[in-house]
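The block underneath contains the structure these notes are about, expressed in structure tokens.
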Amino acid sequence: NEDGSACVFYLDKAWHFDRIVMGVVYAVVALLLLALLWRCVKGAHQNREGNLKSIMRARRHRHLCKVHNWQLGHAKMVRELYPLTVDVHKVHILGVGLPLFYNSICFLAVIAILFTGVTYFTFTGAGVGAALASTDRSDGALVTSAVRPEGQAPAIVLSPLAPCGQGSARAIMEDLRDFASTNFYAIGVLYVLTFAISLAHGKRQLAAARTFDSENKTMSDYALRLSGLKKELTNEAELTAKIQESFRAACPRPEASEDSKAVEVIGVSICYDYLKEWSSVDAMRDRFLERMDLDLQKKILSDAHAGSNVVPEEERVTAANTSAGDEDAMRRQVEEDRKQARAWFDADSKERLRSTGELFVVFRHIRDVEDVWAVREQACRGLQPLAESPTVPVELFQVFSEPPSVNWWHLAVQPAERNKRVLGAMLKISAIITCVQLLIILPYSRFILWPYSAIGSAAGGAKMQVAGAILGVVNTFMGIQIWLTVFGLGFHRKDGMDMMVLCSNTALGMINTFFNIITSCIMVFSSSDDGFGPWTLVKMESVVAIGVEGSLAANIYNMMMPGTFFVGYLMSIVMAGLVPFAVNSLLMKVIYVWRCLPDCILNVLRVILPWAGDLSLDNYPFARAEKGFEPMEVGISGDYSAMIVNPSVCFCMLFFVSPYVWKTFFMMFLSMIFYYCFCRYQHLRFCKPAYYTTNRLDTTVNFLWGIPLSIVAAAWCLWGLRSGHIAPEASTTLKFTLVAAAFQASLVAWLLAYRFLLDPWRQFDAEESDKSTFEDVKADMLYTWFNCNPVYALKCEYYFKDACRTADSV
């Protein structure tokens, strides 16, 4: 500044961050005053009561769409919340992915406590605590080591030499070299143990998946997938009869006893090729669900005893609360949907939907599935007349995914086309991440963080508020872009999407986290007056260099604790739950209840409100309000990425000489205990269901585990170099090359060991001894192979049923 008493950065003067923040505050205040004035002049919304009922019903829906234990065959209790302590290994809640996820948390807790113990005893046993105290130049250390001359109280003498104690620099360096040798052996033992424990964990996960399959009866146990059929074959009844006849011929049974009845096929669920009609099918399905809700409400209210208790007055909706707007429009809509259904399913229609050549065959008994699978070649030969061409064989495949995990709209996408899209998506996501790093994160560090660090200060005030808001929006945008990109790639099964989301989020997390670590390195090294740099990490150069190294370790520890280890998880509840609920509630009432702003402003706000972008300002359908209030899905694929990124950062602490090393691993252990309990609440009380019905996502996580494991190998090599056990005379460049080579060698070793020793991609159906039928399992499930197939559900409602069915019939 002008009098030279303080540093004033040009960025603060040029951008006027304080004025930006105040401008936003003034705009919000002006908007509130305008809303109050407009409400007083114009009055409430003309459809206030109806729209408010839609909103209240949507709030009820938010609760009902969370994870519940549905017992459809129970006379009294149809649904109830699972206890937070439920044994997810024995109860089928969201599929096998849920227990495997909790097993992974426990595995990380074991690894964390192992590293805590070894690093703690290595550090304390080597006696380097006093040596590192000599590098501490913090104010607290100076005061603690201050000299108090006799007879001159309260005077004290502060000296930067006081923390050094009585030990000489030579003695301190000897202690540090002894520590380097001990640490080399300790990390070597840790790496070998972690490698072995990781393989044991991978084997245990595969066994857990098989045990879960054998102990839980699911829809996949009663189905086989048939492919290679003519695409014109879309008559379910005819296909069911022909397939059952072929299977019975291939698998004859004597009729002597009840247990040896002929193979029974319940039906077939055809995989329709409706990618071009995707939006039309979804829109018709949503209208169908609206009408079902009204029909069921009418039936419930007809029971004078239970109706008022089940559906409170403030949640009762009518046809006016639907997308149609009134009963006459709804009836016309039903007739239009029937007409469209005839166009899709009539044999002579030009718009007729064809199949993809695949279908799911649903059997009554598990034994039927096993017996047909045993003679699959003979069974398929009997169906060859139904093949697309003589050169295309009809094939049977085992089914491991549940119906909700089938992406029915993408079943027409060929694998070659999907792989092409995946490659394009990888390039797109890489380009987005690169642009964000170069255009936002790098300038943020270069012009805000680093200048303050150079003078031993830290950025704060309005500029950090603006920067934080921008970074938050950017991270949200990137998460949405990753999900939308993966959603449109054409994966036939949800587990394929989950694997892609996992890899993308892991890459994003790695880049962001290690960019922060690199930023910390630059800040620490730039604040040193001795010209130290990253090369000090491969040497035992001096006591001062070790002090700089300890400062870097302290920065990383402070980055992880408590933010990454604890606060980040809690903030996900706030930012993905409480904030959207509050914001959406406010927007719904501002637009559709109070209507307290000019229409031009309300139209802008309507675009922000989820699932309301194409609606008018007059009517708010309850189905859209329900969509707007739905909580986030159980996102195990996103949760898994943190279980790769965070251990990677923790293992990077092994490169340093610091007491923060063992403290970091101890905090990681506590974090895993906290995370286990947190996920129990998040999955069973906060999120809506998303099914993870195969172990392929967990297998992908175990492959990615090679990254943090290889960081331990790199640290092992580094301490071999620092202690002189490996290449003592090598140049700095060669030492860094050896560390990188150790990382790559470990990664390859892990991938090969996990792939060929455990063969995790091999899938096979567990033996089933239960004699439960398809109907028995269906009684306690919300889904089947039929009601999850959207085209077949619409075909049943609008094509098979009597055309005289009214819009109000139940």
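The values are calculated or read from the model by the stated rules, or taken from the named source; none is laboratory data. Just so it is clear, the model here is predicted, and its values are computed rather than measured. Backbone-built Cβ (ideal geometry, glycine too); neighbour counts: all protein chains shown. We work out accessible area using only protein heavy atoms, side chains counted, and drop any ligands, DNA or RNA first. Shrake-Rupley method; radii C 1.70, N 1.55, O 1.52, S 1.80 Å.
Let's see how each residue does on (1) in contact with a Gly (Cβ under 8 Å, 6 or more places away or on another chain); (2) touching a residue at least 24 places away in the same chain (Cβ under 8 Å):
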position	(1), (2)
PHE565	no, yes
VAL579	no, no
ASN619	yes, yes
PRO631	yes, yes
ASP639	no, yes
ALA642	yes, yes
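Would you be able to say whether some residue in segment 671-687 is under 25 Å from PHE703 (Cα atoms), open to solvent by 10 Å² or more (accessible area, probe 1.4 Å) and aliphatic (A, V, I, L, M)? Yes: segment 671-687 contains one or more residues that are under 25 Å from PHE703 (Cα atoms), open to solvent by 10 Å² or more (accessible area, probe 1.4 Å) and aliphatic (A, V, I, L, M). Considering ALA745, ALA690, the condition of being in contact (Cβ under 8 Å) with a residue 24 or more places away in the chain and open to solvent by 50 Å² or more (accessible area, probe 1.4 Å) is satisfied by ALA745 alone. Applying a threshold of 7 Å to beta carbon distances and a minimum spacing of six or more residues, or different chains, the list of pairs starting in segment 316-334 at a residue that is farther than 15 Å from ALA283 by Cβ and ending at one that is open to solvent by 20 Å² or more (accessible area, probe 1.4 Å) and in a loop (DSSP other than H, G, I, E, B) reads ALA319/ASP326; ALA320/ASP326; GLY325/ASN619.
Just so you know, in segment 39-80 the residues that are part of a loop (DSSP other than H, G, I, E, B) and open to solvent by less than 20 Å² (accessible area, probe 1.4 Å) include one that is farthest from ASN695 (Cα to Cα), and it is HIS45.
With the condition kept exactly as written, say whether any residue in segment 733-747 is part of a loop (DSSP other than H, G, I, E, B), at pLDDT 90 or above and on the phi < 0 side of the Ramachandran plot. No, segment 733-747 contains no residue that is part of a loop (DSSP other than H, G, I, E, B), at pLDDT 90 or above and on the phi < 0 side of the Ramachandran plot. Answer with yes or no whether ARG418 is among the basic types (Lys, Arg) and modelled with pLDDT of 90 or more. Yes: the conditions hold for ARG418.
Residues checked against (1) buried (at least 22 other Cβ atoms within 10 Å of the Cβ); (2) in contact with a His (Cβ under 8 Å, 6 or more places away or on another chain):
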{"position": "TYR82", "(1), (2)": "no, yes"}
{"position": "ASP87", "(1), (2)": "no, no"}
{"position": "LEU94", "(1), (2)": "yes, yes"}
{"position": "GLY97", "(1), (2)": "yes, no"}
{"position": "PHE107", "(1), (2)": "no, yes"}
{"position": "ILE111", "(1), (2)": "yes, no"}
{"position": "THR119", "(1), (2)": "yes, no"}
{"position": "THR122", "(1), (2)": "no, no"}
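Of all the listed residues (ALA379, ALA387, ALA320), the sole one being of a type in the set (Gly, Ala, Ser) and over 17 Å from SER227 (Cβ atoms) is ALA320. Across segment 260-286, the qualifying residues are those that are in a helix (DSSP H, G or I), of a type outside the set (Lys, Arg) and free of Cβ contacts under 8 Å to residues at least 40 places away in the same chain, and the one among them that is farthest from LEU386 (Cα to Cα) is ALA283.
Kindly evaluate GLY613 against the criterion of being open to solvent by 20 Å² or more (accessible area, probe 1.4 Å), in a loop (DSSP other than H, G, I, E, B) and small (Gly, Ala, Ser). Spelling it out, GLY613 is indeed open to solvent by 20 Å² or more (accessible area, probe 1.4 Å), in a loop (DSSP other than H, G, I, E, B) and small (Gly, Ala, Ser).
For segment 312-331, give me each residue that is of a type outside the set (D, E, K, R) and either out of contact with any helix residue (DSSP H, G or I) (no Cβ under 6 Å at 6 or more places or on another chain) or not in a helix (DSSP H, G or I) (or both).
Within segment 312-331, PRO312, VAL317, THR318, THR322, SER323, ALA324, GLY325, ALA329 qualify.
Quick grid of which residues meet (1) over 27 Å from VAL791 (Cα atoms); (2) in contact with a Ser or Thr (Cβ under 9 Å, 6 or more places away or on another chain); (3) open to solvent by less than 40 Å² (accessible area, probe 1.4 Å):
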site	(1), (2), (3)
PHE288	no, no, yes
LYS299	no, no, no
VAL310	yes, no, no
THR322	no, no, yes
ARG331	no, yes, no
GLU335	no, no, no
ALA343	no, yes, yes
ASP346	no, no, no
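Within segment 693-732, the set of residues being of a type in the set (S, T, N, Q) and at pLDDT 95 or above comprises THR699, THR700, ASN702, SER710. Looking at segment 557-576, can you tell me whether even one residue there is in a helix (DSSP H, G or I), at pLDDT 90 or above, surrounded by fewer than 17 Cβ atoms within 10 Å (Cβ to Cβ) and among the β-branched types (Val, Ile, Thr)? Looking through segment 557-576, none of the residues is in a helix (DSSP H, G or I), at pLDDT 90 or above, surrounded by fewer than 17 Cβ atoms within 10 Å (Cβ to Cβ) and among the β-branched types (Val, Ile, Thr). From the list ILE636, ILE608, the one residue that fits, being under 25 Å from LEU64 (Cα atoms) and open to solvent by less than 20 Å² (accessible area, probe 1.4 Å), is ILE636.
Here ARG19 clears all of (1) assigned to a helix (DSSP H, G or I); (2) modelled with pLDDT of 85 or more; (3) loosely packed, with under 13 Cβ neighbours inside 10 Å except the condition numbered (2). Being at pLDDT below 90 and at negative phi: is that true of ALA469 here? Judged against the criteria, ALA469 is a match. Has segment 85-95 got at least one residue that is in a loop (DSSP other than H, G, I, E, B), at pLDDT 90 or above and among the hydroxyl-bearing types (Ser, Thr, Tyr)? Yes, there is a match, as at least one residue in segment 85-95 is in a loop (DSSP other than H, G, I, E, B), at pLDDT 90 or above and among the hydroxyl-bearing types (Ser, Thr, Tyr).
Once segment 405-425 is narrowed to residues that are open to solvent by 80 Å² or more (accessible area, probe 1.4 Å) and among the polar types (S, T, N, Q), the residue that is nearest to GLY635 (Cα to Cα) is ASN419.
The residue of segment 165-193 that is modelled with the lowest pLDDT, among those that are in a helix (DSSP H, G or I) and open to solvent by 70 Å² or more (accessible area, probe 1.4 Å), is ARG170. None of VAL394, VAL375 is touching a Cys at 6+ places or on another chain (Cβ under 9 Å), more than 15 Å from VAL791 (Cα to Cα), surrounded by fewer than 18 Cβ atoms within 10 Å (Cβ to Cβ) and touching a residue at least 12 places away in the same chain (Cβ under 8 Å) except VAL375.
Against the test of being on the phi < 0 side of the Ramachandran plot, part of a helix (DSSP H, G or I), at pLDDT 95 or above and surrounded by fewer than 20 Cβ atoms within 10 Å (Cβ to Cβ), the options ARG204, ARG225 yield a single qualifying residue, ARG204. All but one of (1) open to solvent by 10 Å² or more (accessible area, probe 1.4 Å); (2) small (Gly, Ala, Ser); (3) at pLDDT below 95 hold for ALA196; which doesn't? Looking at each condition in turn, ALA196 falls short on (3). Going residue by residue through segment 231-250, is there one that turns out to be hydrophobic (A, V, I, L, M, F, W, C), touching an Asp or Glu at 6+ places or on another chain (Cβ under 7 Å) and open to solvent by less than 40 Å² (accessible area, probe 1.4 Å)? Taking every residue of segment 231-250 in turn, none turns out to be hydrophobic (A, V, I, L, M, F, W, C), touching an Asp or Glu at 6+ places or on another chain (Cβ under 7 Å) and open to solvent by less than 40 Å² (accessible area, probe 1.4 Å).
Assess whether ALA625 counts as being in a helix (DSSP H, G or I), touching a helix residue (DSSP H, G or I) at 6+ places or on another chain (Cβ under 9 Å) and surrounded by fewer than 22 Cβ atoms within 10 Å (Cβ to Cβ). No, not satisfied. Only helices (runs of 4 or more DSSP H) whose full extent lies in segment 339-439 are considered here, and the ones with at least 1 residues that are more than 30 Å from THR485 (Cα to Cα) are 366-374, 376-382.
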